[in-house]
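The values are calculated or read from the model by the stated rules, or taken from the named source; none is laboratory data. Please read all numbers here as calculations on a predicted model, not as lab measurements. Using ideal geometry, Cβ is built from the backbone for each residue, glycine included, and neighbour counts are taken over all protein chains shown.
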Amino acid sequence: MSAASAYKPSSYPLSETALLLLDYQNVLVNMIQDQDQKNKLINSAKTLLDTARQSNVTIVHCLIDTAQDPPLTNKATELWATVHRPLLASTPDSGAEYRDLAPPANADTSGKESVSVRPPGYRFVLVADGIVPLLRDGKIKHLVLGGIATSGAVLGTATHGTDLDFVVTVVGDACWDPNQGVHRALVDAVLPTQAWVASVEEAVRYLSAQVH
């Protein structure tokens, strides 16, 4: 790889690429009322996950730790206490990762496929304990992202990841936001100023041997 192409996702081999799945938890996935939108999102994320597993690419399931509370200084504190905490208490499974994307029950999550959790209220997943050292120790340079919500964890992680000198690819069809106008504006106009925005097909090439 030449210095002139270091900013391009296609410059990085599979060993330097990681797939980060952001907050595909039941409580968020179930917000999607349009079944076609939900199917498209899950199928896109599943395609990325299956490809990464087949290629032995590093995978990190990045989740909100619903057993914790947000920091007291975080604006989400009141909403968490009055809305989210009662919901999670009444339906504990709502905090779990969506079944089609979660690691198998007997999976060894200490190797290439791991789980990272962070307290509620943070809009970027790289704040979680241990995740940046895991990526640095693994010589990861390129992050492929999909998740919920586009205006939350996806935007926050893309921005933070870029500031930490990772090359970041956001897979538009693997992201969703409650406000579809905001989703489109971010994917079409905001995210491309700092990260690469790719189709599922393009991302599959980054996560397989097709461009390496």
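Rundown of residues vs (1) modelled with pLDDT under 90; (2) among the polar types (S, T, N, Q); (3) surrounded by 18 or more Cβ atoms within 10 Å (Cβ to Cβ); (4) part of a loop (DSSP other than H, G, I, E, B), yes/no style:
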| site | (1), (2), (3), (4) |
| --- | --- |
| 84 | yes, no, yes, no |
| 104 | yes, no, no, yes |
| 117 | no, no, no, no |
| 120 | no, no, yes, yes |
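Go through region 163-191 and report how many residues are touching a His at 6+ places or on another chain (Cβ under 6 Å) and of a type in the set (A, V, I, L, M, F, W, C). The number of residues fulfilling the criteria is 1. Among residues of region 48-71 being closer than 11 Å to residue 101 by Cβ and either of a type in the set (Asp, Glu) or assigned to a helix (DSSP H, G or I) (or both), the one that is farthest from the chain's Cα centre (by Cα) is 50.
For region 201-212, the set of residues classified as surrounded by fewer than 20 Cβ atoms within 10 Å (Cβ to Cβ) and either in a loop (DSSP other than H, G, I, E, B) or aliphatic (A, V, I, L, M) (or both) consists of 208, 209, 211, 212, listed by residue number. In region 119-145, the residues that are aromatic (Phe, Trp, Tyr) form Cβ pairs under 6 Å with partners that are surrounded by 15 or more Cβ atoms within 10 Å (Cβ to Cβ), at six or more places apart or across chains, as follows: 124/156; 124/157; 124/160.
The set of residues from region 132-151 being surrounded by 20 or more Cβ atoms within 10 Å (Cβ to Cβ), in a helix (DSSP H, G or I) and not polar (S, T, N, Q) comprises just one member, 135.
Of all residues in region 152-184, those being part of a strand (DSSP E or B) and closer than 17 Å to residue 125 by Cβ number 8.
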